[in-house]
Amino acid sequence: ALAGRGVEYLVGGAYALARHAGISRHTKDLDLFVRPADREAALSALAGAGFETEVTYSHWLAKARRGGFFVDLIYSSGNGVGVIDDGWFDHSVKGRVAGVPVRLSPAEEMIWHKAFIMERNRYDGADVAHVLRACGDRLDWERLLARFGPHWRVLYAHVVLFGFVYPAERTRISARVEEEFSRRLRAES
């Protein structure tokens, strides 16, 4: 429906996690990422395909459902920090979902988006650790640090936890990255 209307989107969630971390899980929905400017066009395309649509949270999430099918249309993070922008699309990777060629969310942006999900009923830190384990040695750390900007300590916390969760895999994150965190900590003293 989105492709037919020329709406660019990325597939994220469980499908991107499977690609980047090799972990498959069955979920009840499909996470599609779009730029905020494309939200209305995406909702219109889904409504045209018979989905009931709603803007659940105007700053980051809309939903669509048809029968037993659910789509989360994501255009930012819940805290408003991680807006879906051109960088997501520029660094996306090729994939297939239900036999359809698609673009998947990049690993760096997936980490950025999931790292802030620390709520009473949901914590995506395990997903962050799994992606770090699978991709840590090939991530574009400069881009990832730039994404976090002034919130770099959130990423640092996940890197520290990664070393606890996967102690034998610590070398997947280069010493250069660890040194950058140390440099930033010293600069704040």
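One table, with the values for the structure above:
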{"quantity": "Estimated vicinal HN-Hα couplings, Hz - region 27-44 in sequence order (Karplus 6.51, -1.76, 1.60; Gly, Pro = x)", "calculated": "10, 8, 9, 10, 8, 10, 9, 9, 5, x, 5, 9, 4, 5, 5, 5, 4, 5"}
{"quantity": "Amide hydrogen neighbours beyond the local backbone of Gly82, cut-off 5 Å, H modeled", "calculated": "Ser77"}
{"quantity": "Peptides ranked, highest mean first, by Cβ atoms within 10 Å: ranges 113-120, 47-54", "calculated": "113-120, 47-54"}
{"quantity": "C-alpha center-to-center spacing [region 28-85, region 117-134] in angstrom", "calculated": "22 Å"}
{"quantity": "For region 54-70, 3J(HN,Hα) per residue [Karplus equation, 6.51 cos²θ - 1.76 cosθ + 1.60, θ = phi - 60°, Hz, x = Gly/Pro]", "calculated": "7, 8, 6, 9, 4, 8, 7, 9, 10, 10, 9, 8, 8, x, x, 9, 10"}
{"quantity": "In degrees, nearest ten, helix 175-188 long axis to first principal axis of the chain (Cα)", "calculated": "80 degrees"}
{"quantity": "With every protein chain in place, region 1-146: carbon and sulfur % of accessible area (1.4 Å)", "calculated": "50 percent"}
{"quantity": "Highest average packing first - 12-19, 142-149, 170-177, 131-138, Cβ atoms within 10 Å", "calculated": "12-19, 131-138, 142-149, 170-177"}
{"quantity": "Accessible area expressed per residue, region 16-111, with surrounding protein chains retained (probe 1.4 Å, Å²)", "calculated": "49 Å²"}
{"quantity": "C-alpha long axis of helix 125-135 to longest principal axis of the chain, angle in °", "calculated": "80 degrees"}
{"quantity": "Dipole moment magnitude, nearest 20 debye, region 1-86 about Cα centre, only Lys, Arg, Asp, Glu C-beta charged", "calculated": "300 debye"}
{"quantity": "Value of relative contact order over the chain, rounded to a whole percent, pairs C-alpha under 8 Å and six or more apart", "calculated": "17 percent"}
{"quantity": "Cα gyration tensor, region 1-108 - rounded (a/c under 1.5), prolate or oblate", "calculated": "rounded"}
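The values are calculated or read from the model by the stated rules, or taken from the named source; none is laboratory data. The structure displayed is predicted, hence computed values, not measured ones. Note: ideal-geometry Cβ built from the backbone for every residue, glycine included; neighbour counts use all protein chains shown. We work out accessible area using only protein heavy atoms, side chains counted, and drop any ligands, DNA or RNA first. Shrake-Rupley method; radii C 1.70, N 1.55, O 1.52, S 1.80 Å.
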